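Trainee: To start, I am sharing the structure in question, which I have written as structure tokens.
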Amino acid sequence: MARDAGAKKVYFASAAPAIRFPNVYGIDMPAASELIAAGKTDDEVEKLIGADWLIYQDLDDLIASAAEGNPDIEQYECSVFNGEYITGESMRFI
């Protein structure tokens with residue numbers, strides 16, 4: 001779309017890490033097969049969306065940023081980003 005409007009370069013920057021895994025805790029999210037980043041490298045996603053450069057937020061940086069808001073929180077639920085489910089679910093969704 002941006003190229004159709006005349007853009008010579010397309011950069012995509014996300015304020016979140018790549019969502020590679022479904023949420024199994026009741027949030028209505030697509031199945032893993034419908035997530036563009038599931039089972040793909042950042043370079044593969046970049047090519048699929050037609051971007052010249054794809055930038056995701058680093059998960060550790062996101063956690064550090066959230067921790068600044070409340071340093072008493074010791075654990076964050078990041079399963080959609082890293083596939084680590086606190087209830088023991090696994091990456092079997094891909």
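Trainee: Could you state the angle between the C-alpha long axis of helix 59-69 and the longest principal axis of the C-alpha atoms of the chain, as a value from 0 to 90 degrees rounded to the nearest 10?
Mentor: Taking the Cα atoms of the chain, the angle to 59-69 is about 60 degrees.
Trainee: Still on this model: Could you pull out every residue, at least 5 positions away or on a different chain, whose amide H is within less than 5 Å of the one on Val10? Hs are placed 1.01 Å off N in the peptide plane, and Pro or chain starts have none.
Mentor: Hits under the 5 Å cutoff: Asp52, Trp53.
Trainee: Here's another thing I want to ask about it. I'd like the projected area of the chain, averaged over all directions, using the convex hull of its alpha carbons. Report it in nm² with one decimal.
Mentor: Numbers: hull surface 30.1 nm².
For the chain, averaging the hull's shadow over all directions gives 7.5 nm².
Trainee: Here's a follow-up. For the residue pair Glu84 and Lys8, what label-to-label distance in nm results when each label sits 7 Å from Cα along the Cα-to-beta-carbon direction?
Mentor: So the two model labels end up 4.4 nm from each other.
Trainee: Provide the per-residue ³J(HN,Hα) series for region 30-39, in order, calculated from phi with Karplus coefficients 6.51, -1.76, 1.60 and θ = phi - 60°, each as a whole number of Hz, with x at glycine and proline positions.
Mentor: Residue by residue, region 30-39 yields x, 5, 3, 5, 9, 8, 4, 8, 4, x Hz.
Trainee: Further question: Go through Met1, Tyr56, Ala18 and say which Cα lies farthest out towards the positive end of the charge dipole of the chain; charges sit on Cβ, +1 for Lys and Arg, -1 for Asp and Glu.
Mentor: Result: Met1, furthest along the dipole toward the positive end.
Trainee: Right, here's the next one. Based solely on its DSSP helices, what 222 nm [θ] is calculated for the chain when runs of n ≥ 4 H residues each add -39,500 (n - 2.57) and the sum is averaged over all residues, nearest 500 deg cm²/dmol? Before the final figure, lay out the partial values.
Mentor: Working: 3 runs with 23 residues, N = 94.
-6500 deg cm²/dmol, from helical runs alone.
Trainee: Compute, for the chain, the length of the dipole vector about the Cα centre, with Cβ point charges of +1 (Lys, Arg) and -1 (Asp, Glu) only. Units Debye, rounded to 20.
Mentor: For the chain, the charge dipole is close to 560 debye.
Every number here is computed from the coordinates shown, using simple stated rules; none is lab data. Computed from a predicted model, the values in this text were never measured in an experiment. We place every Cβ from the backbone using ideal geometry, glycine too, and count neighbours over all the protein chains shown.
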